[in-house]
Amino acid sequence: QPELSGEFATLMGWADKVRRLKVRANAETPADARMARSFGAEGIGLCRTEHMFFDAGRILAVREMILADDEAGRRAALAKLLPMQRDDFVELFEIMKGLPVTIRLLDPPLHEFLPHTEAETLEVAKSLGVDVERIERRNKELHEMNPMLGFRGCRIAIAFPEIAEMQARAIFEAAVIAAKTTGETVVPEIMVPLIATKAELDIVGAVIRKAAAAVEEETGAKLTFQVGTMIELPRAALQADKIAESAEFFSFGTNDLTQTTFGVSRDDAGTFLGTYVQKGIVETDPFVSIDVDGVGQLVKLGAERGRATRPNLKLGICGEHGGDPASVKFCDSIGLDYVSCSPFRVPIARLAAAQAALAHRKA
Ligand code: PEP
Ligand code: MG
């Protein structure tokens with residue numbers, strides 16, 4: 001396990017004394033969570049649960065969950081995934097020992113989960129006990145031209161609430177277990193991805209709260225948790241006052257927000273952004289440093305509108321920008337509570353947050 005030591009650790013200690021912004025990490029594996037802690041992360045700001053589903057022991061059940069014909073079929077697949085998800089979260093809560101953990105509901109580009117070969121198609125058909133043709137048909141129905149603008153984020157939870165229900169249940173059951181093993185209160189923060197409207201958040205929020213009530217009833221435990229949302233679409237930033245009525249926290253997803261504000265695919269930007277920087281059209285790659293004039297304005301507006309509705313709304317950022325010093329400075333200037341970045345960037349973010357606070361003091 002890498003540790004910060006010697007003069008570097010001392011410097012970090014100084015940085016921690018002056019910074020206002022909290023620093024969390026984006027982590028979903030136990031290894032990343034441990035690394036995040038050893039680098040000084042003060043919580044997990046983004047646990048991308050879709051990453052947990054690519055595991056060789058799970059992908060078949062995930063495919064069944066997506067390709068099943070009906071709710072009963074999906075529920076059968078979800079029953080296989082529930083104990084695995086519960087174990088995932090128990091481990092994360094135990095490693096984080098009472099520090100905040102934000103778990104985001106499934107946000108896959110669906111196509112990555114669909115079977116890609118004949119053998120994979122055959123395997124799902126066999127496991128579901130249906131004809132290969134049925135799986136092929138369903139696979140075709142789900143094919144999308146633009147998956148990143150398609151059936152992902154909360155749209156999955158709205159179409160298939162039982163998936164969100166399974167994940168919420170896994171989180172709550174894990175919270176009850178981890179509270180016992182760690183002796184710490186576990187307050188999960190459940191985050192809904194790709195929200196554009198309050199109505200979406202209300203639907204998914206109701207599923208989450210119902211799962212909480214069921215787990216409380218079954219275990220006799222009293223759960224404390226928060227429901228919040230990603231703000232990663234321009235519409236969500238503009239509607240932040242309404243969305244904040246139903247959210248206890250916002251986390252700005254500046255990867256998608258940059259993609260949707262510029263109308264530039266985050267996966268394909270490399271083909272021309274270099275030329276744009278060279279010609280001075282954009283100062284720096286907006287996927288690296290927050291574009292203060294556009295994306296940044298939406299973040300600022302979202303923060304202001306959200307806090308106008310709910311003054312104690314917790315605000316963070318969990319896009320790649322959370323570990324970029326210039327972006328961290330911007331986040332400090334608009335009053336966010338924390339940045340969340342890859343574990344390796346946590347020390348950089350701690351330093352950048354301190355530099356931002358010092359600059360703020362001088363100004
Ligand atoms: C984002 O969009 O900024 C984000 C953090 O979510 P993801 O990168 O998983 O889409
Ligand atoms: Mg996103």
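FYI, it's all coordinate maths here, none of it is from the lab. These numbers were taken from a predicted model, which means no experiment stands behind them. Reconstructed Cβ throughout: ideal geometry from the backbone, glycine too, with neighbour counts over all protein chains shown.
Sum up the charges of everything whose Cβ sits under 14 Å from the Cβ of A237, counting Lys and Arg as +1 and Asp and Glu as -1, but leave A237 out.
Values: positive: K198, R235, K242, K300, R305, R307; negative: E232, D241, D256, D291, E304.
Summing Lys and Arg as +1 and Asp and Glu as -1 gives +1.
Residue farthest toward the positive end of the dipole of segment 1-124, with Cβ of Lys/Arg at +1 and Asp/Glu at -1: which of H111, L4, V62?
L4
Taking other Cβ within 10 Å of each residue's Cβ, how do I290, I231 sort, fewest first? Provide the component values of the computation, followed by the final result.
Values: I290 29, I231 34.
Ordered by Cβ neighbours within 10 Å, fewest first: I290, I231.
When the helix-only estimate is applied to the chain (DSSP H runs of n ≥ 4, each -39,500 (n - 2.57), divided by the residue count), what is the mean residue ellipticity at 222 nm, nearest 500 deg cm²/dmol?
Working: 16 runs with 193 residues, N = 363.
After summing the helix terms and dividing by residue count, I get -16500 deg cm²/dmol.
About the Cα centre of segment 118-193, how large is the charge dipole given +1 on each Lys and Arg Cβ and -1 on each Asp and Glu Cβ? Please answer in debye to the nearest 20.
Details: 9 positive and 13 negative charges, 33 e Å.
It comes to approximately 160 debye.
In nm, what is the difference between 0.36 nm times the number of residues separating Y276 and H360 and their Cα-Cα distance? Show your work: numbers first, answer last.
Values: separation 84, 0.36 × 84 = 30.24 nm, distance 3.13 nm.
Full extension from Y276 to H360 adds 27.1 nm.
Which pairs break 23 Å Cα to Cα here: K180/K222; K22/K314; K22/K222; K80/K210; K242/K314? Can you show the working numbers first?
Working: K180/K222 13 Å; K22/K314 11 Å; K22/K222 28 Å; K80/K210 21 Å; K242/K314 15 Å.
With Cα atoms farther than 23 Å apart: K22/K222.
To the nearest 20 Debye, how big is the dipole of segment 160-217 about its Cα centre, given +1 on the beta carbon of each Lys and Arg and -1 on that of each Asp and Glu? Spell out each step's value before the answer.
On the way: 5 positive and 9 negative charges, 7 e Å.
For this selection, approximately 40 debye.
Hey, what do the phi angles of segment 354-360 turn into as Karplus ³J(HN,Hα) couplings, whole Hz, using 6.51/-1.76/1.60 and θ = phi - 60°, x for Gly and Pro?
Each residue of segment 354-360 in turn: 5, 4, 5, 5, 5, 4, 5 Hz.
Nearest 20 debye, what's the magnitude of the dipole of the chain about its Cα centre given +1 on Lys and Arg Cβ and -1 on Asp and Glu Cβ?
1260 debye
Between segment 96-123 and segment 271-320, what's the alpha-carbon centroid distance in Å?
Answer, in whole Å: 27.
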